[in-house]
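Peer 1: Before I ask anything, let me first share the structure, which is written out below as structure tokens.
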Amino acid sequence: MDLRDRKVALAAAVDDLLRVVPYAHAFAQVREGTAFRATTRATAIEPLDPVCGVVLSAWNGETMLEVSVPSLDDDAVKGATARLRDLITRQGSRTGPAIDPGAPLERDFAVAEHIPVSSLSLEERLARVQAIKDRVHALDARVKNAVARATHVRTQEIFVGPTRRLFQDLRRAEMVCLVVMEQGGHAADLHGGRGRQGGAEHLTLADDDVAHLVEDCARMLGAERAPGGSYRCVFDGDVAGLLAHEAFGHGTEADMFVKRRAKGAGYLGKQVGSELVDMYDDPSLPGEAASYFFDHEGHLAAPTRIIERGVLLAPLTDLVSATYLGMARTANGRRESVQRKAYTRMSNTFFGKGGDRHDALVASLDDGLLVRHARNGMEDPKGWGIQCEAYLAEEIKGGKRTGRVFSPVIITGYVPDLLTSIDGVSDAVEIGGLGMCGKGYKEWVKVTDGGPSLRLTARIA
Amino acid sequence: MLDEVARALRNDARFCAWQVSEARGRSAQRYQVFTRVESRRLVETRQWDVRVHVPLEGGRIGESSFTLVDPAQPLSPELDAAYARARLVNNPAWTLPAPDEVAARAIVTADARIVEAAAEVGDEVARAVEGSVARAGGVELSASEVFCDYRRVHLVNSRGVDRTREDTHVYAEYVLLARGAGDDEIEVYQSRRARGAAALEVEQQVADDIVAVRDGARAVLPATGLADVVIADAGVEELFDAFVAHAAGTARFEGWSRFEPGAHVVDGARGDLLTLASDATVPGGLGSYAFDDVGCSGRRVDCVVDGVFRERACDRRTACWLGLPTTGAWGNTVVAPGRSSMDELLTPGERPLFLLTRFSQLSPHATTGAFAGEIRAGYRLDRGGRTPVRGGSISGVVFDAFARARFSAETATRGRLHGPRAVRLDQLQVTGGG
């Protein structure tokens, strides 16, 4: 299906709505893909849950009224328009801030596949995941379950507003490996992989990466918990990314400012971290898994510098939040799907690089931890508390690994304390491509995060 | 459309078994920021999910699925593609259920008011939250979101199963603000889910949250050390998740379940012994269902009784693969209460005692049972009274911590969990200040 054919019908719907409200737009989305999965005992080739539909939005001066239907055909769009007009009539018009529809623009965008996924047969794609699964088992007899999953997703989206007609065709591929091991009553699991925009060129995982994954998982078997307390740490790029996402990613989502749920609103222009800290959100990064050309409210993607030299500069915004706050729009108005509302959401969020070598940061620890393999985290934009979990920390004494490993590793604390303690930043940024992000406990969207290695002081639970 | 797909599948000799289910739904969504209704949304959904099996050599099967979202979508290419995928997937055989294996039971999973007037119910819930907060004074409603959803599923399969079910679901989320020390504000976040609005118990929940946010405004960081901890209310919701994961057939099939029939699920238990069941028949339960994704009726499965693992909960596929009875997908998690009252659980001993009711997330790890939760609300209890605490965290491994567990006699329903209102875990690691 070529979604571009729907532009005219959506434009007619928006024109119809603009007769009764000051602002309206339409957003259509088709998402489809396939996952190939090989596990120790079974295999699967399954299409991903498809998304197909349209949401029509109308601003009555105070409330964004929306109707979403699971179809792109003309009758469905006309029916949705009629239902939305009825809702507008019932809600009435209000006096409120005017929405800026943006400068006129009509463009189509597309992500290229260097190796089209369709150029590989089903057998070839299945063979790739089966080879990784078999390699995991060959590496260590303690593996109880190995999972390799290759996924490719194509998302086509149209935004039609009063001044804009935009289309984007996004393609993403990822390969993930999960290892579950057991020995002597101790179990451990660990996953890793990569995800990037593009095609089959990303449906791979290097043998060394698989080997390191199995090796690290084995080291976690029976690993003790680190005694709770304050530690000098080096976070690798993966854990640094989790910190960026949870620390000031969520905390600078402007819809949280509108709800007075973000402490950061009172800290714009103020120091919140050490001068070594730069932090960005950038949906325009070429090739990253969470990149896009425009957000779901028709704003073109561009980087936002959130923190510069430790000073909190700017929030991320969506259309309504920016309108209410009188702040600049950023391209962060995103929906889980047409079935859900747009909120301010992150895209690719990461710390900027510094000037140290990763190895030098580790060697500089007299007594500390090298924390690797981020698992998950939870934000607290109002209190600036933080909880991040990593699978693994290696003990460092006198700048060298002792071989002692702790797992899992829970990092808690007060965000500015963590960021202010950063006194070393490595010279290379790694961005992981496997992340998903919820708003609270729902509204899942694709994100990535990353960073350089960071040397800092952290409280470990 | 359902009939058309079923007819095509019935006439396609490539498939030895098939299933098609039609799901139609609607959702009314209301979002409020302070006193302003930020957004109102009406959402329609519909899709047709198709599953096919193809016979392979050696008694194995190939399988695949696909979803149609557009009735105008040509069916034939989708069937060809599904066949091409399925014949490559060489799995142990499993069968779809026959009508005599899926005894129908009347399970209440739909609330009539949501079926009839979802948007109105959403307004009522939102206004109830707003009104309760306004009457309390000194606390502000920052935001609320209320979703009222209805879904009807009609499933047929190649063995003659033909079943229909209706589900409703109401979700209410809100945030309360209260002034803390200096210019600081404190928030309390709440989210509840139920089949119908009454089960949300909005007024009582808001009253509890108003106390929590007021107390949070004067909360202190707990001290680091070993402490006795009573986890209560929202904090309990995730606490049993690792037990659920290990009691399910998937963990056994994948080779990582630590539970064996007849063996204790926790070594050296000195507290209350865990009794845990999956029960898909609890009236109005969020985890209740008339039939699961492949048409199997739900039932109660007493997985753990008095600390001993008895029976594994298995969906159709894993049951066939493991040679165990099909119990249906996991339903509600039902945990037997203990003998101690809340007051008894909250009696301090020699160590510091904390009552903790909210965490950022507790999420015990499915494989290892390791957990950690940043403390969002709670109290340190001593003979002098209660001191609110906030920040810091608790951590441990549920399979170890439950050796010293005591469950409250009082019970509560939170999400899919029906069980004790509180669980006391002695000698738990608290990491905070000092």
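Quick note: the coordinates plus some simple rules give every number you see, no bench work behind them. If you're wondering where the values come from, they're calculated on a predicted model, not measured in any experiment. Positions of Cβ are backbone-derived with ideal geometry, glycine not excepted, and every protein chain shown enters the neighbour counts.
Peer 1: With charges set only on the Cβ (+1 for Lys and Arg, -1 for Asp and Glu), what does the dipole of the protein assembly as shown come to about its Cα centre, in debye to the nearest 20?
Peer 2: Here the protein assembly as shown has a charge dipole of around 760 debye.
Peer 1: Something else: Could you sort out which of A:Lys353/A:Lys439; A:Lys7/A:Lys78; A:Lys270/A:Lys341; A:Lys263/A:Lys341 sit more than 21 Å apart by Cα distance in this structure?
Peer 2: Over 21 Å apart, Cα to Cα: A:Lys353/A:Lys439; A:Lys270/A:Lys341; A:Lys263/A:Lys341.
Peer 1: Another question about this same structure. Choose one of A:Gly193, B:Met342, A:Val8: the residue whose Cα lies farthest towards the positive end of the charge dipole of the protein assembly as shown (beta-carbon charges +1 Lys, Arg; -1 Asp, Glu; about the Cα centre).
Peer 2: Farthest towards the positive end: B:Met342.
Peer 1: So if I place +1 on the C-beta of Lys and Arg and -1 on the C-beta of Asp and Glu, and nothing else carries charge, what would the dipole magnitude of segment B:103-248 be about its Cα centre? I want it in debye, nearest 20.
Peer 2: 740
Peer 1: Next up: Just to confirm a number: summing +1 for Lys and Arg and -1 for Asp and Glu over residues other than A:Ala110 whose beta-carbon lies under 12 angstrom from that of A:Ala110, what do you get?
Peer 2: Here the count lands on -1.
Peer 1: Shifting gears a bit: Roughly how crowded by other chains is peptide B:362-374, in terms of the mean Cβ count from those chains within 10 Å of each of its Cβ atoms?
Peer 2: Shielding by partners across B:362-374 averages 6.
Peer 1: Ranked highest first by average number of other Cβ atoms within 10 Å, how do B:342-348, B:331-337 line up?
Peer 2: Going by the mean number of other Cβ atoms within 10 Å, highest first, we get B:331-337, B:342-348.
Peer 1: With only alpha-carbon atoms in the gyration tensor, what are the semi-axes of the equivalent ellipsoid for segment B:225-431, in Å, largest first?
Peer 2: 31, 17, 15
Peer 1: Something else about it: Shielding of A:351-364 by partners, i.e. mean partner chain Cβ atoms within 10 Å per residue?
Peer 2: 0
Peer 1: Right, here's the next one. Can you pull the percent of Cα pairs in segment B:372-434 with separation above 17 Å?
Peer 2: In whole percent, the long-distance tail amounts to 56.
Peer 1: Arrange A:Thr39, B:Thr67 by Cβ neighbour counts within 10 Å, fewest through most, would you?
Peer 2: Exposure proxy ranking, most exposed first: B:Thr67, A:Thr39.
Peer 1: Cα extents of chain B along the three principal axes, largest first, in whole Å?
Peer 2: For chain B, the Cα extents along the three principal axes come out at 76, 55, 34 Å.
Peer 1: Towards the positive end of the charge dipole of chain B, with charges on Cβ (+1 Lys, Arg; -1 Asp, Glu), say which of B:Tyr289, B:Cys320, B:Ala134 has the farthest Cα.
Peer 2: Selected residue: B:Cys320.
Peer 1: Suppose a student asked you for the relative contact order of segment B:2-216, using Cα pairs under 8 Å spaced at least 6 residues apart; what percent would you report?
Peer 2: Answer for segment B:2-216 is 21 percent.
Peer 1: Determine the shape class of segment A:336-437: with a ≥ b ≥ c the square roots of the Cα gyration tensor eigenvalues, call it rounded for a/c under 1.5, and otherwise prolate if a/b is greater than b/c, oblate otherwise.
Peer 2: Verdict is prolate for segment A:336-437.
Peer 1: Give me the net charge for the shell around B:Arg127: Cβ to Cβ below 13 angstrom, other residues only, Lys and Arg +1, Asp and Glu -1.
Peer 2: Spelling it out: positives minus negatives among the neighbours equals -3.
Peer 1: State whether chain A is rounded, prolate or oblate according to the following rule on the C-alpha gyration tensor (a ≥ b ≥ c being the square roots of its eigenvalues): a/c under 1.5 gives rounded; otherwise a/b larger than b/c gives prolate, and the remaining case gives oblate.
Peer 2: It is oblate, given that a/c is not under 1.5 and a/b is not larger than b/c.
Peer 1: Another question about this same structure. Wrap a convex hull around the Cα atoms of segment A:111-159, take a quarter of its surface area, and give that in square nanometres.
Peer 2: Mean projected area of the Cα convex hull: 5.2 nm².
Peer 1: Please arrange A:Ser93, A:Ser57, B:Ser360, B:Ser65 by counting, for each residue, the other beta carbons lying within 10 Å of its beta carbon, fewest first.
Peer 2: Least crowded to most crowded, the residues run A:Ser93, B:Ser65, B:Ser360, A:Ser57.
Peer 1: Debye sum, Cα scatterers, segment B:2-216, no solvent: what log₁₀ I/I(0) at q = 0.10, 0.13, 0.14, 0.17 1/Å?
Peer 2: The Debye formula, applied to the Cα set alone, gives -0.63, -0.82, -0.87, -1.06.
Peer 1: Quick one: the Cα spread of segment A:229-460 along its three principal axes, in angstroms, biggest first?
Peer 2: Here the Cα extents, ordered largest to smallest, are 53, 32, 30 Å.
Peer 1: Charges only on Cβ, +1 for Lys and Arg, -1 for Asp and Glu: so what's the dipole of segment B:2-216 about the Cα centre, in debye to the nearest 20?
Peer 2: 820
Peer 1: Among A:258-269, B:127-138, what's the highest-first ranking by average C-beta atoms within 10 angstrom per residue?
Peer 2: A:258-269, B:127-138
Peer 1: Once Rh for the protein assembly as shown is found with the Kirkwood sum over Cα pairs, what is the Stokes-Einstein diffusion coefficient at 20 °C and 1.002 mPa s, in µm²/s?
Peer 2: 75
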